[in-house]
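The values are calculated or read from the model by the stated rules, or taken from the named source; none is laboratory data. For clarity, every value in this text was computed on a predicted model and none was experimentally measured. Ideal geometry is used to build each Cβ from the backbone, glycine not excepted, and the neighbour counts take in all protein chains shown. Please note that ligands, DNA and RNA were not included when accessible areas were found on the heavy atoms of the full protein model with its side chains. Shrake-Rupley method; radii C 1.70, N 1.55, O 1.52, S 1.80 Å.
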Amino acid sequence: MKRGIRYDFGLQALMLVPVGVSLNVVGYQLCTILKLPVFIDQIGTYLVAMVAGPWVGLVTGLLGNIVNGMLNPVAIPFGLVSVSIGLFAGYFSRFKFFKNILGMIVACIILTIVSAGAAAIVTVFMFGGVTGAGTDLVTAAFLAAGSQLWNSVFSTNMITGTINTVLNFAISYLIIKRIPPRFLIKLNYGATYIKKEALKHV
């Protein structure tokens, strides 16, 4: 099966995009309303990127932030985080990092660093370190301890980002494992998540 930006946007992949965007929007709104210090707004991005590829995941993440931005403009610049997650998660799936525990751990560590760095850049340069989210409390604690703004924001995003990555990835992975093999096999990256026994019958 051919893979890449020219081949990943098949009919089944395009059908998943609105599903992924919806999951992201619901997760974001819950976290925003409840002022949670963590975000579960990338479930859709992970899910789509893992089974449909990095470019479809990128589009899903970006669209999710645009939709969220209609209700809360703060979300739009953080599209950089979603785009990064979509790309990296998609490529990790392409190279079968999510087939074993060690690969998952390595991928989640890298995804945490990438998303934390992207979030810190947006938070510091676009909002001066304060976004009104629950994570601001953690940043304030670092600042009170004498840490510099960049270090405080990045450290906050590393701490909360680790939880974010694990939660978003775990939920999306569990959802994928519940998707029927006959549908997964039609997606460019879906076969990775089908058991060998089931793969013989699809």
Using only Cα atoms, find the angle between the long axis of helix 11-34 and the longest principal axis of the chain, and express it within 0 to 90 degrees, rounded to the nearest 10. 30 degrees
Relative contact order (%) - criterion: Cα under 8 Å, at least six apart; region: the chain: 23 percent
Show me the trypsin sites (Lys or Arg not before Pro) within segment 91-172 that DSSP assigns to loop and that have at most 11 other Cβ atoms within 10 Å of their Cβ. LYS96
Mind checking the per residue accessible area of the chain for me, 1.4 Å probe, whole number of Å²? 50 Å²
Where Rh is the Kirkwood radius over Cα pairs, Rg/Rh for the chain: 1.00
Using a 1.4 Å probe on the protein heavy atoms, what percent of the accessible area of the chain belongs to carbon and sulfur? 73 percent
Over 19 Å between Cα atoms, which of LYS96/LYS177; LYS2/LYS177; LYS99/LYS196; LYS96/LYS196 qualify? LYS2/LYS177
Between PHE125 and PHE95, the two model label points (7 Å from Cα along the beta-carbon direction) sit apart by a distance in nm of 2.6 nm
Suppose the chain between LYS2 and LYS195 were pulled fully straight at 0.36 nm per residue; how much longer would it get relative to their current alpha carbon spacing? 67.4 nm
Rounding to the nearest 10 and keeping the result within 0 to 90°, find how far the Cα-based axis of helix 79-94 lies from the longest principal axis of the chain. 30 degrees
Order of 171-177, 107-113, 62-68 by packing, highest average Cβ count within 10 Å first? 62-68, 107-113, 171-177
Helix-only mean residue ellipticity at 222 nm, the chain, DSSP H runs n ≥ 4 weighted -39,500 (n - 2.57), per residue, nearest 500. What is it? -23000 deg cm²/dmol
Cβ charges +1 (Lys, Arg) and -1 (Asp, Glu), total dipole of the chain, debye: 1040 debye
Return the FRET efficiency for the residue pair MET15, VAL166: r is the Cβ-Cβ distance, R0 is 35 Å, and the value is rounded to the nearest 0.05. 0.80
Mind giving me the FRET efficiency for LEU34 and LEU174? R0 is 25 Å, r the Cβ-Cβ distance, nearest 0.05 is fine. 0.70
